[in-house]
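The structure appears right after this line, and notes come after that.
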Amino acid sequence: MSTNATQMLVSATMEFLRRHSPFDRMEGDALRFLAERLKLAYYHKDAAILTPDMGAARTFYIIQRGKVVARQAGEVNVTEYNVMTLGPGECFPIGAVTAQRASTNGYTAIEDVFCYQLAADDFFELMRMSSVFNLFCTQYIASLLNQSRQQLQVQFAQRAAEQQSLNTPLSLLAKREPVSVQPETPLRQVLEAMGQQRLGSMIVTDAEGKPVGIFTQSDVLHRVVLAGVALEEPIGKVMSKDPHTLQDTVYAYDAALAMAMHGIRHVLVVDGEGRLKGVISERDLFTLQRVGLRQIRQSVETAPDLETLLQTSHDVRQLALNMLAQGVGAEQVTQFISALNDTITRRVLELNLDKHDLYGVDWAWLSFGSEGREEQTFSTDQDNGIIYLCPDFMDKEQLKMRLLDFARDVNDDLDKCGFPLCSGNIMAGNPDLCLTLEEWEEKFTNWVRHPHPAALLNATIFFDFRTLYGNPSLGERLRKWMLSLTTSNPGFLKMMAHNALDVEPPLGKIRDFVTDLDPEHPGTIDLKKYGARLFVDIARIYALAAGIHNSNTVQRLRHSAKRLGISGEEMAAIIDSFNFIQLLRLRHQHLETEAGQAGDNRIHPDKLNELDRRILKESFRQVRKLQSRIKMDYQV
């Protein structure tokens, strides 16, 4: 072949590669190195391209045209869980070539296929040359997800005001040298220093420079003036002990989340040894956000009526949009939405407590479902209940009526604030969900010991709970009771595992996705029912089996990894997949609402860009692996 013809072939190969990840970001010399060494091979329909019995994989394949089906080999041979389809631009077998082992999958052409082939020696040389390719091969999903997040960031940045990023490390925000005193410092000296240096707060540290307390301007009135404390007394007597700290390596959104969740106005920044490095205030974070935490929280805390709270719920959406525009991940955004929605719910509860006499009643408000898991998206309804104690001297029926009257008013007010009434009546105003601790324990016991279909459905909802308001010990007692039942009942967990396998990820054997599961919405995939739910259900089972107290799906998966023998890299890929599906839900719901439509979870995969389609396929493959694992663990 002439030099000109060779160069034309290399240029055509490079043009193809640039249309696909990760080659679209690969360094120029590395991309040319790759293009010059690729060989194009043809495989007719039904031809075996690579099988496990061919031995250690010595060739890396990039599909140029056509489709290839990968089938898992080995003991697990259940078609529903071991088939995936690859198309143009996708590569295989990454893990086998990297580890120089035989492939665990067999790859077959399902139509006429052209594949680029790269010899293993050139593959390893390319990994040395290109950091982009190296990252792609070692952190496949994380690499793709990062690219998608960058695209999403650009998309939402066009909708959000130009502002600094909540991805800013606290070490960069806490630039001012912190001012601190020790616990024995007299109050007078502290107040003089605060006045002279115009400080809104004073940090109290021990001899090693580690924070032990904080004293703010608002403390002066209540803890000093009205309490009649002499100015000669030490600051340690009136300070707030055990202030909230974060390490300087975390980000501004972590500080924002801490403030939203704990109702605080300052976060202390410490180094790895726990020594004070700076102070982050609401004002600091307010400069990062046009719709600020300070505005939202103050609006919530002082809201005199529901109209004010309704406006605040709109601000929560805008703040979450800003976070998406700044590249903050789905895990943090959903936690943030949940935390701020929690504050709104608590204020609704407080407003209603002014109208209902519950003085002396030991009770708590429980959140179930996505709110219980701290995984709320933009579109969410109510899932809540009440747990209480009924002393012997109280009339049980009368007490329950008082609590139900209160709960129904709260449910109605939450509906007015943008949290729709639950169509399934999973609300505290339902007499079946306003129960004493003993009644809740009895209900949980019946579900576990008699796992009929309705009981299993209830478990998927009610076993994901948090105490949102009231006496937290009631929720903890219920959780301990629940875990004592599930950890000792493998039969119940096996039934839950069987239930979790009823829904499969919508991956096609020939097409990329199955989009005809809902006849009323052809061409779509419900990312909640056929995506997020699959991760949630499996994480719940492993958490209940291991006695894990967390209700959050990502935390459940992380805590389960060691018990299941899953490597950190493998679990990271699973969690990244779940977070990507959550990110797609957030993006879709926002765009639907912005267009004046009701936000839902149904996406049109054909409308996704190539990168997002690719990551979505990989995310579904990851949950398919999880389903294979739970199928083996529980023999269902």
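Of note:
- Residue satisfying all of: in segment 218-274; over 35 Å from the mean Cα position of the chain (by Cα), of a type outside the set (A, V, I, L, M) and assigned to a loop (DSSP other than H, G, I, E, B); farthest from residue 169 (Cα to Cα) among these: 228
- Residues of segment 619-636 that are in contact with a helix residue (DSSP H, G or I) (Cβ under 7 Å, 6 or more places away or on another chain), closer than 14 Å to residue 534 by Cα and surrounded by 19 or more Cβ atoms within 10 Å (Cβ to Cβ): 619, 622, 623, 624, 626, 627, 630.
- Of all residues in segment 334-347, those that are under 14 Å from the mean Cα position of the chain (by Cα) and surrounded by fewer than 23 Cβ atoms within 10 Å (Cβ to Cβ) total 2.
- Being basic (Lys, Arg) and closer than 22 Å to residue 20 by Cβ holds for only one residue in 607, 631, 625, 562, and it is 607.
- Flag for residue 578 being part of a helix (DSSP H, G or I), modelled with pLDDT of 95 or more and either buried (at least 19 other Cβ atoms within 10 Å of the Cβ) or out of contact with any strand residue (DSSP E or B) (no Cβ under 7 Å at 6 or more places or on another chain) (or both): no
- Leading residue by the ranking (farthest from residue 133 (Cα to Cα)) among those in segment 78-113 that are modelled with pLDDT under 90 and among the hydroxyl-bearing types (Ser, Thr, Tyr): 79
- Put simply, of 331, 350, 301, 375 the only residue that is surrounded by 22 or more Cβ atoms within 10 Å (Cβ to Cβ) and acidic (Asp, Glu) is 375.
- The criterion of being assigned by TED's automatic domain parsing to the domain that holds residue 346, crowded, with 17+ Cβ neighbours inside 10 Å and within 22 Å of residue 532 (Cβ to Cβ) holds for residue 369.
- Residues within segment 340-393 that are under 21 Å from residue 556 (Cβ atoms) and charged (D, E, K, R), tallied: 6
- Screening residue 534 against (1) modelled with pLDDT under 90; (2) of a type outside the set (Phe, Trp, Tyr); (3) within 21 Å of the chain's Cα centre (by Cα) leaves a single unmet condition, (1).
- Considering only residues in segment 529-575 that are at negative phi and assigned to a loop (DSSP other than H, G, I, E, B), the one that is surrounded by the fewest Cβ atoms within 10 Å (Cβ to Cβ) turns out to be 567.
- Qualifying residue in segment 53-65 (condition: more than 29 Å from residue 611 (Cβ to Cβ), at pLDDT below 95 and assigned to a helix (DSSP H, G or I)): yes
- Residue check, residue 488 outside any helix (DSSP H, G or I), under 30 Å from residue 436 (Cβ atoms), in contact (Cβ under 8 Å) with a residue 60 or more places away in the chain and of a type in the set (S, T, N, Q): no
- Members of segment 428-442 that are out of contact with any strand residue (DSSP E or B) (no Cβ under 6 Å at 6 or more places or on another chain) and closer than 17 Å to residue 383 by Cα: 429, 430, 431, 432, 435
- Qualifying residues in segment 502-514 (those that are surrounded by fewer than 19 Cβ atoms within 10 Å (Cβ to Cβ) and not hydrophobic (A, V, I, L, M, F, W, C)) - the one modelled with the lowest pLDDT: 509
- Given (1) more than 30 Å from residue 304 (Cβ to Cβ); (2) part of a helix (DSSP H, G or I); (3) at pLDDT below 95, index of the condition residue 415 fails: (1)
- Total residues in segment 363-411 satisfying the condition of being modelled with pLDDT under 95, under 33 Å from the mean Cα position of the chain (by Cα) and assigned to a helix (DSSP H, G or I): the figure is 4.
- Among the residues of segment 459-510, those that are over 19 Å from residue 635 (Cβ atoms), in the same structural domain as residue 556 (by TED's automatic domain parsing) and not basic (Lys, Arg) comprise 503, 505, 506, 507, 508, 510.
- When residues of segment 114-155 are limited to those that are modelled with pLDDT under 90 and small (Gly, Ala, Ser), the one nearest to residue 19 (Cα to Cα): 148
- Among the residues of segment 567-613, the one identified as in contact with a Ser or Thr (Cβ under 7 Å, 6 or more places away or on another chain) and over 18 Å from residue 532 (Cβ atoms) is 611.
- Residue match in segment 585-605 (condition: in a helix (DSSP H, G or I), over 20 Å from the mean Cα position of the chain (by Cα) and modelled with pLDDT of 85 or more): yes
The values are calculated or read from the model by the stated rules, or taken from the named source; none is laboratory data. Remember, predicted model here, so these are calculated numbers, not experimental data. Every residue, glycine as well, gets a Cβ built from its backbone with ideal geometry; the counts of neighbours run over all protein chains shown.
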